[in-house]
Amino acid sequence: MERPFHIGEVKALSNSDRDHSFASDPLARKSVREILTDMKDISELMVDLSYAAIMFDSKDIAEEVRSLERQMQRLNHEIRIKAMLSARTYDDAIKLSGLLQVASAAEAMSYAAVNIVHLAQCQIDKKPFLGFVLREAEEKIGRLVVAESSDMINRTLADMSVESETGMRIIAIKRGKRWLYDPEGDVSLKTGDTLIVRGTDDGYEMLRGFVMGEAKWPEAPKEEEES
């Protein structure tokens with residue numbers, strides 16, 4: 001004879017599984033604000049990469065955009081669960097609803113990025129069309145290859161503060177067949193690295209000079225200030 005089924009037993013098992021999942025999943029330990037920050041950063045990266053995928057006809061970058069979309073879906077699911085668990089009063093719910101609206105905006109940006117990538121599957125010649133659309137944009141996507149004569153070689157992105165110095169953000173690095181997306185500050189540049197960058201025309205020309213070895217990377221003036 002089968003033992004009677006008790007709802008309480010299922011609930012206890014579910015709690016145990018949830019606790020195990022919480023302990024093993026780093027995302028589960030993040031706060032609502034931390035997840036929201038991740039969503040904002042990822043959605044912005046997706047937009048940059050989607051334009052790069054189309055402009056440079058890169059299937060690798062396009063696939064990374066789709067991979068980031070899956071990550072965004074998981075983040076969106078997690079932030080909604082945490083918001084529901086955190087809201088104990090009506091006032092709490094009102095405050096959290098504002099954060100969820102921002103999360104929805106980030107999610108919408110990610111969907112737009114994926115739609116941009118889908119243009120790569122069109123049979124029409126997309127290059128002239130994109131050139132027309134992006135011609136008047138304040139910030140543009142560019143591609144640079146690190147020359148052997150560049151003194152940026154073997155220096156980390158954090159050490160050089162590339163974005164602060166030139167206004168250009170390095171959104172991806174291709175090294176051989178390997179891609180580094182949204183590279184961290186501890187990444188060092190190597191000869192032959194292909195940089196996918198985003199910024200203004202002036203910033204691009206400045207960075208191009210450094211990358212090509214036509215100009216020396218400026219040294220930080222810390223020692224001069226101390227003396």
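Please treat every number below as a calculation from the coordinates, not as lab data. No experiment lies behind these values; they were computed from the predicted model shown.
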Working note, the stretch 25-121: Cα radius of gyration (Å, one decimal) and Dmax (Å, whole number) are 15.0, 50
By the Cα gyration tensor axes a ≥ b ≥ c (a/c under 1.5 gives rounded; else a/b larger than b/c gives prolate, otherwise oblate), the shape of the stretch 138-217 is rounded
